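These notes are about the structure you will find just below.
The values are calculated or read from the model by the stated rules, or taken from the named source; none is laboratory data. Here the structure is a predicted model, which is why all the values come from computation and not from measurement. Please note: Cβ atoms are built from the backbone with ideal geometry, for glycine as well, and neighbour counts cover all protein chains shown. With ligands, DNA and RNA removed, areas are computed over all heavy atoms of the protein, side chains included. Shrake-Rupley method; radii C 1.70, N 1.55, O 1.52, S 1.80 Å.
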Amino acid sequence: MLSPEEFRDEYPEERLADELPDSPIASLRDIQYLYGKLYTLATAGGGDYAPYLTPDAAGDLVDTDRSLIVVRVDLSDDDPRLADDRFGPIRVTRYTDELVRSVAHCKYSAAAGIDHSVTHQAGRNSGPEKLARYAKERLSKWATDDVVQEAAAEHETGWVIDELAALGENEEVLDTIENALVAALGGESTTALLTVQVKLDSDGEYLWPDDLDVFMEAMRQRKLSKLVTKNKASDSSGDATDLITGQPARTVGTSEDPQNYYLGKQLEKFPGLDIEEAWRTHPISEDAAVTVMNAGTFVEACTYRTFGAKVYYLPYFFGRPSPENARNLYTILYNAATKDDDSTPVEDTYDERKGVPDEEDNLRFYVSAVMPHQMSRYDVFGETMNGRLLYPRDLGLAHNRLVANAAAFNSTTSWTAPLPKNENWGLLTPDDGRLHSISTGWYFYQTFAERDDTDADADDPRIEALVSVLSGDAIAVDTLLKEYVDRIMADEDDSDVEEFPSFRVAGQFAQLCALATDDLNLLTTTDQDKKPITRAPRYDEHTMTSMEDILIADGGDPAAAKLESFIEDTPALAHDEAASINDQRRGAFLLGALVGEVGSYQGYSEDRSTTLIDQFPVKSVTRSRVKKITQETIGKTITYTRSEDRTITLFEHVVDELRETILQPDPDDWEIDTDDLRFYYALGVTYGMNDHPDWNETETDDTEEEI
């Protein structure tokens, strides 16, 4: 395959323009066709037969010893025979770059018979006897193939193939081929291509397959025959308008597809499909179908697996392909196909394009996920043509900014931030690998309910979320809340998880906030009561008031100021006349916060192994139990306050807010749904567990005073 520099030199602007499609990229088939065209130009070159060749199929044989075996036939007079010159009937040589085009190899599935071309690729380390059989079959099998014979009958030099077939019926000729080949190999095995050279003029040279149009046309017809006979079709072809070029042509109905998408067995795409009439349902011309098949290398290079599915992230430039855009696209595809790391196409493209301003970048992506459903059947979902690099990139940047700077996760005072950070939790610390995390799906694997990827299905919400982010589509808030709560409850039930999963909850909330970023708008809901959750929070970035100011303005209680600002700056918790559920959601959060406060107190002051956090796990929280949990939690708070002879109630800043909120309206009249209730209760528990003086900051202050 040509390097991007070689490609540019080989195809000047005018020559490349002649090879490119005339219409804008508007469908997956258009993208596949362009990929196939670029791949063909970079490997087989131009010309009518180039799309049918598979030069890379035997690429690993180039410049290896004894990698090309040639059967040499002299047809220069009336007595067809094997060559009797100094090279003899069999020549074993080295397959080189210069010979790639000459042998004109067209690969066919090894399990399905001989290759389409007269040139055939043998299996690895084949023995002399097997290679001899393949060599003889160039005459006895390929030349006598029905499709090859039909092509010969219609070609002006079809007699060449007829003469080969006649030689293939001569046992003496076949024995000579076998003996000469075994002798040439010295009885040793090798991996090789086997082909035929033919001499037509007495004073001429032996010609390669590429020199003989009849060989090339026969190869073309053999390959085309497979595009109309799959799935028991006898001849799924007919005259129609090619959906790619828009030109009238003979179209085929059972061609292959690099993404297993447009297949005869995809009955959900083509209900009631008559396989013989498939060309009417999805008309694609013969040459276009073959070009699309050649897209496989580049398509696979822009594919990766996650959650049991294959994610396709195919770059293309919006509009009609221009030579310059085609060169840039080829560079992206070439680098993706030749890389040797585990980066995703998302990251690769980011590295290629990070210097291009968004408003000037017309690079787009086809995004979809494909999951095996049954034998030869696949589920395709999340499909879009409008993917853009900025969606996953900006989500990663937003998440990093949030955990690095936002007041929800950072404090400039000697009191902790509302929510914890942890360097060992990727979602709770700035991460240079965030784009990798997002594009591979790890970003959602950490927060969504766990599933067995070996038994994955098309309804996996992790895949839906991943495809949505890659394509810029919004994720349903209901989906997120359900997945978050299911994962939290699973952690609570996991014997290997010793404490309440506060880092998990904090990471989920960070993700929720990042998705709600104004410029991205990656959250959606049809429920008016959940609209506030889709809005971006308004947390300051390292602008929390100093401790001295807090002490003056708030009577010495930084905890109360922190709670008030966190609630006000979180749209889902702040009082909103247009969103009455906010008050109920805030009540659930405050109840969780008090449970977290008291539970932590029980752990460090009472040395209790079972605390209120354990007594009231997330799965136990329902609307009908809110009042009971509130009463018991406030009761415990009062008990501990009295036992310490305090004049001010423990955790008064939470208790006062809770008492005011929990009765407006009465919990018996709450309408908040269960997942919403439980997630914000869990967020409150996390808040309460983290609500204390910053011990690290306190120790630093004490040390400075001693000095």
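Consider Leu99 against the criteria (1) on the phi < 0 side of the Ramachandran plot; (2) in a loop (DSSP other than H, G, I, E, B): it satisfies all of them except one. Which criterion is unmet?
(2)
Could you please find all residues in the range 503-521 being open to solvent by 20 Å² or more (accessible area, probe 1.4 Å), in contact (Cβ under 8 Å) with a residue 40 or more places away in the chain and on the phi < 0 side of the Ramachandran plot?
Phe503, Arg504, Thr517, Asp519
Sort out which residues of the range 533-568 are open to solvent by less than 40 Å² (accessible area, probe 1.4 Å), part of a loop (DSSP other than H, G, I, E, B) and at pLDDT 90 or above, and write them in order of number.
Ala536, Pro537, Tyr539
For the range 101-127, which residues satisfy the criterion of being among the β-branched types (Val, Ile, Thr) and at pLDDT 95 or above?
Of everything in the range 101-127, those that are among the β-branched types (Val, Ile, Thr) and at pLDDT 95 or above turn out to be Val103, Val118, Thr119.
Applying the selection to the range 17-60, what residues are in a helix (DSSP H, G or I) and among the β-branched types (Val, Ile, Thr)?
Ile31, Thr40, Thr43
Hey, among the residues in the range 187-208 that are without any contact (Cβ under 8 Å) to a residue 24 or more places away in the chain and open to solvent by 60 Å² or more (accessible area, probe 1.4 Å), which one's farthest from Ser102 (Cα to Cα)?
At the first step, the residues of the range 187-208 found to be without any contact (Cβ under 8 Å) to a residue 24 or more places away in the chain are 203, 205, 207.
Of the ones still in play, those that are also open to solvent by 60 Å² or more (accessible area, probe 1.4 Å) are 203, 205.
Working: Asp203: 20, Glu205: 14 Å.
For the range 187-208, the residue satisfying everything is Asp203.
Can you pull out every residue in the range 446-486 that is among the basic types (Lys, Arg) and open to solvent by 10 Å² or more (accessible area, probe 1.4 Å)?
The answer is Arg451, Lys482.
For (1) crowded, with 17+ Cβ neighbours inside 10 Å; (2) at pLDDT 80 or above; (3) under 26 Å from Pro24 (Cβ atoms), each residue gets a yes or a no:
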site	(1), (2), (3)
Tyr261	yes, no, yes
Ser285	yes, yes, yes
Gly296	yes, yes, yes
Phe307	yes, yes, no
Asn325	yes, yes, yes
Leu329	yes, yes, yes
Tyr334	yes, yes, yes
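All but one of (1) open to solvent by 30 Å² or more (accessible area, probe 1.4 Å); (2) charged (D, E, K, R); (3) farther than 30 Å from Glu171 by Cα hold for Arg29; which doesn't?
Status for Arg29: all satisfied but (1).
Is it fair to say Arg434 is open to solvent by less than 50 Å² (accessible area, probe 1.4 Å) and within 20 Å of Pro537 (Cβ to Cβ)?
Working: open to solvent by less than 50 Å² (accessible area, probe 1.4 Å): yes; within 20 Å of Pro537 (Cβ to Cβ): yes.
Yes, satisfied.
Any chance the range 350-357 includes a residue that's assigned to a helix (DSSP H, G or I), surrounded by 15 or more Cβ atoms within 10 Å (Cβ to Cβ) and either on the phi > 0 side of the Ramachandran plot or touching a residue at least 40 places away in the same chain (Cβ under 8 Å) (or both)?
The answer is yes; a qualifying residue exists.
Every residue in the range 129-150 that is open to solvent by 10 Å² or more (accessible area, probe 1.4 Å) and either under 17 Å from Arg91 (Cβ atoms) or touching a residue at least 60 places away in the same chain (Cβ under 8 Å) (or both), please.
Selection gives Tyr134, Lys136, Asp145, Val147, Glu150.
Residues Leu167, Leu174: which one is without any contact (Cβ under 8 Å) to a residue 40 or more places away in the chain, more than 46 Å from the chain's Cα centre (by Cα), in a helix (DSSP H, G or I) and crowded, with 17+ Cβ neighbours inside 10 Å?
Residue meeting the stated conditions: Leu174.
State yes or no: is Leu395 at pLDDT 95 or above, in a helix (DSSP H, G or I) and within 30 Å of His653 (Cβ to Cβ)?
Working: at pLDDT 95 or above: yes; in a helix (DSSP H, G or I): yes; within 30 Å of His653 (Cβ to Cβ): no.
No, not satisfied.
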